[in-house]
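Only one structure is covered here, and it is reproduced in the block below.
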Amino acid sequence: MKFLRAIAIPIMPFYYLVTSFRNCLYDWGLKKSTFFNFPVICVGNLSVGGTGKTPMIEYLIRLLKDDYKIATLSRGYKRKTKGFLLANDHVSAEELGDEPFQFYNKFKGNIHVAVDGNRIHGINQLMVLNPRPEVFLLDDAYQHRRVKAGLNILLTSYDNLYVNDYVLPVGNLRESRRGANRAEIIVVTKCPKHLDKDKKISVMEQINIKDNQRLFFSYIKYAQQAQSSNSYIKLEGLKPFTLVTGIANAHPLVKHLKEMGLDFEHLNFKDHYEFSSQDVKRFEALSSPIITTEKDYMRLKKYSTIADKLYYLPIEIGIDKTEVFNRMVLDYIKNN
């Protein structure tokens, strides 16, 4: 991979120029951004790969669902359908996409979950629902500038800050670091749970936020037990098991389980991996329990032959200065 990125260095200036020129067209008003007169919150990142967008969307749902009618809108990455699709009990993960399917299964009855590659069309379709959503959460839409969100929440991983990265194909950035200027809130995700003050100051100095921005730090909160559709097993004292992951960055999860002193074999697959029949046969042959992420569980739970040994580990996020973060979100909604 390092070799391929090294030989791609000559391409980087062209990618940088194209993405920067596109952003300039929107900044100058030469390309149209549609603004809606109701709360639209965008959660996204500058880099490819996992920065924790799904847990952040779920955090916002929990914060808002008791007081507002919520709709989430994603593009439905790698789904096998096109156009607008509203989640229901008959839609599969393959049709909806991993993350939206997870949102629906976890919060159905409380929110609308939809996918559409055209976010403007998707919002317009959601607006005609009864009851009509009062707050729209756009998942992974930071570069989708045809919609001008009222509140932009930008995520960057503690171990890979965007300020230390480069644009594709040499680095992992979808656009230049200047894109961070569009965010009102920047969250450093996947931090150590007890991040000391000096390290926070170091990160703050590196990111150097603007006067109109606020910086927060978040960490992953892992459940003490893994669960399935109808049962659970405690992690503490768990005998050897198999960990199956198909996410962008499994390192924090692996580190957490090792710190617990657990004994496991890790089968690591690429992000949004489509498990094959051969993979399932391999899982069938395992005598140990299989623990996976919630996103991967949504794709695997349909296989009845492994259902009795398949579990996922729920996660949530914790945010420092929680009250300040929550108040910024709630004040934005109240004033819009």
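The values are calculated or read from the model by the stated rules, or taken from the named source; none is laboratory data. As the structure is a prediction and not an experimental result, all values here were calculated from the model. Cβ atoms come from the backbone with ideal geometry, glycine included; neighbour counts cover every protein chain shown. Remember, those area values only see protein heavy atoms, side chains included, never the ligands or the DNA or RNA. Shrake-Rupley method; radii C 1.70, N 1.55, O 1.52, S 1.80 Å.
Distance from the C-alpha centroid of region 176-242 to that of region 315-336: 15 Å, rounded to the whole angstrom. Using the Cβ-Cβ distance between Gln143 and Arg62 with R0 set to 22 Å, the FRET efficiency works out to roughly 0.25. The alpha-carbon of Lys32 sits under 20 angstrom from the alpha-carbons of these lysines, leaving out residues fewer than 8 places away in its chain: Lys148. Rolling a 1.4 Å probe across the protein heavy atoms gives the chain an accessible surface of 51 Å² per residue. The modelled label-to-label distance between Phe14 and Asp308, using points 7 Å beyond Cα along the C-beta direction, is 5.7 nm. For region 220-309, trypsin sites (Lys or Arg not before Pro) are listed when DSSP marks them as loop and at most 10 other Cβ atoms sit within 10 Å of their Cβ; the list is Lys270. Here the chain is scanned for chymotrypsin sites (Phe, Trp or Tyr not before Pro) in DSSP loops (not H, G, I, E, B) that have at most 11 other Cβ atoms within 10 Å, and the longest stretch holding none of them is 36-336. Rounded to the nearest 500, the 222 nm mean residue ellipticity of the chain from helices alone is -9000 deg cm²/dmol, with -39,500 (n - 2.57) taken per DSSP H run of at least 4 residues.
For the chain, what % of the accessible area comes from carbon and sulfur atoms, probe 1.4 Å? Carbon and sulfur: 51 percent of the exposed surface of the chain.
Residue order by solvent-accessible surface for Met204, Met127, Met56 is Met204, Met127, Met56, largest first, with ligands and nucleic acids left out and a 1.4 Å probe. Please state the relative contact order of region 214-283 as a whole percent: Cα pairs under 8 Å, 6+ residues apart? For region 214-283, the relative contact order is 29 percent.
Sparse packing (at most 16 other Cβ atoms within 10 Å of the Cβ) combined with a DSSP loop state is found for the following trypsin sites (Lys or Arg not before Pro) in region 114-152: Arg146, Lys148.
Taking label points 7 Å from Cα along the Cα-to-Cβ direction, Ser92 and Asn164 give a separation of 4.2 nm.
On a 0 to 90° scale, report how tilted helix 12-27 is relative to the longest principal axis of the chain, with both axes built from alpha carbons and the result rounded to the nearest 10. Computed tilt is about 60 degrees. Taking every pair of alpha-carbon atoms in region 124-283, give the share separated by more than 28 Å as a whole percent. Above the 28 Å cut-off, region 124-283 has 43 percent of its Cα pairs. The C-alpha atoms of the chain define a longest principal axis, and helix 197-207 lies at about 50 degrees to it. Here mean projected area of the Cα convex hull in nm² was calculated from the structure, and among (i) 18.5; (ii) 16.3; (iii) 24.6 it sits at label (i). Lysine pair count for region 208-293 (Cα-Cα distance under 28 Å; residues 8 or more apart in sequence or on different chains): 18.
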